[in-house]
1. Could you run through the stretch 186-226 and say how many residues are of a type in the set (A, V, I, L, M, F, W, C) and free of Cβ contacts under 8 Å to residues at least 24 places away in the same chain?
2. Here are the criteria: (1) open to solvent by 40 Å² or more (accessible area, probe 1.4 Å); (2) under 25 Å from Lys119 (Cα atoms); (3) part of a helix (DSSP H, G or I). Tell me which single one Val207 does not satisfy.
3. Go through the stretch 245-271 and count every residue that is out of contact with any Pro (no Cβ under 7 Å at 6 or more places or on another chain) and either open to solvent by 40 Å² or more (accessible area, probe 1.4 Å) or at pLDDT below 90 (or both).
4. Out of all the residues in the stretch 130-143, which are surrounded by 14 or more Cβ atoms within 10 Å (Cβ to Cβ) and either hydrophobic (A, V, I, L, M, F, W, C) or under 18 Å from Asn181 (Cβ atoms) (or both)?
5. Considering the stretch 103-118 alone, what residues qualify as being surrounded by 22 or more Cβ atoms within 10 Å (Cβ to Cβ) and touching a helix residue (DSSP H, G or I) at 6+ places or on another chain (Cβ under 9 Å)?
6. Going through the stretch 210-227 one residue at a time, which ones are more than 19 Å from the chain's Cα centre (by Cα), on the phi < 0 side of the Ramachandran plot and assigned to a loop (DSSP other than H, G, I, E, B)?
7. On the basis of being at pLDDT below 95, out of contact with any Gly (no Cβ under 7 Å at 6 or more places or on another chain) and in a helix (DSSP H, G or I), does Lys120 make the cut?
8. How do the pairs read when you match residues in the stretch 108-129 that are under 21 Å from Asp147 (Cα atoms) with residues anywhere that are open to solvent by less than 40 Å² (accessible area, probe 1.4 Å) and aromatic (Phe, Trp, Tyr), using Cβ under 7 Å and keeping only pairs 6 or more apart or on different chains?
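The values are calculated or read from the model by the stated rules, or taken from the named source; none is laboratory data. Bear in mind the structure is a predicted one, so any value in this text is a computation, not a measurement. Positions of Cβ are generated from backbone atoms using ideal geometry, with glycine treated the same way; all protein chains shown enter the neighbour counts. The protein model used for the area step is the full one, side chains on, heavy atoms only, and it has no ligands, DNA or RNA in it. Shrake-Rupley method; radii C 1.70, N 1.55, O 1.52, S 1.80 Å.
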Amino acid sequence: MMYLLTNLLRKIKWKQFSKHFLDAVGTLSAFATLIAFVGPWKSPEYSSIGCLVLIGIIILISLTYTYFQIQSIRSLTIQMRPQLQVTIKEGDVLKERGIIVIPVNNYYDTIVDDIIISKKSVHGQFVLQYLAENPDVNKLNKLISDDLKKRHHRSKSTNRKVGNIASWALGSCADIEWKGNIYVLFAFTSFDNENHASIHPAKVPDVLSKLTKHLSEIATDKPIYMPLFGTGLSRLGKSHKRTLLFFLDCIEYMSVESVKIPAGVTIDIKSLRKTDINLDDINSVLRTTFN
């Protein structure tokens, strides 16, 4: 019981809690003071009992009010343009149905060993799930390679000792159709000689612009789902909240007017509680921007 209580207390955002709780106490106290001037609080006994009851009621109401105020919404939809709607929600991108965007490295590796690809990453989970039903990794590599050659034609050959040796440009995409979905493997990060994934923030707008253009070409009436890029091994050195706002800015300003995605784009965040993202705060920031 004590463990659960401690866990709960850790999850409370104390700054928000204090603000809403003190606001509620202040308002109710002012109201109670007004009542005290006109109420029959003359006898000491009545005053003592009445004060204790009143304090208890104020605290209870304030706690109830605060509890509901600090509960963050779990989904937020932003109409960026008439043909470009973005939804941010809590969810697992690999459980969605439609077009699933999976950020990968520039080699489109398929070795999930927590060195080349992390088992916890969306890329790693997709590869593991695919190979569980289609165990031939060479066939998966060929599917990816054939689609890349069809769309992008050129790659740069390297002398890597482990993993694929063909390096593709950031922003390139390979489409894999599987179980009724289209999985868009999207080169978002570059690997260095030690297999560390990274991307320079200055490159992000152009890379996202290429992705958005590709998605508009294949979307038709299918919804598009993607994780929040840049918060895993490819981290941009920013918090989840700042990364999300940065990506929304990139999508807004770097995608051309001709980009049309009728069914919208959804950014799935597996657990909002494990990030600093509060969708109420995001809504407040964006309300004046896109409305």
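1. So the count comes out to 1.
2. Checking Val207 against (1) open to solvent by 40 Å² or more (accessible area, probe 1.4 Å); (2) under 25 Å from Lys119 (Cα atoms); (3) part of a helix (DSSP H, G or I), the one that fails is (1).
3. 18
4. Of everything in the stretch 130-143, those that are surrounded by 14 or more Cβ atoms within 10 Å (Cβ to Cβ) and either hydrophobic (A, V, I, L, M, F, W, C) or under 18 Å from Asn181 (Cβ atoms) (or both) turn out to be Tyr130, Leu131, Val137, Leu140, Leu143.
5. Matches in the stretch 103-118: Pro103, Val104, Asn105, Tyr108, Asp109, Thr110, Ile117.
6. Those that are more than 19 Å from the chain's Cα centre (by Cα), on the phi < 0 side of the Ramachandran plot and assigned to a loop (DSSP other than H, G, I, E, B): Ala219, Asp221, Lys222.
7. no
8. Close Cβ pairs satisfying both conditions: Tyr108/Trp168; Phe126/Tyr183.
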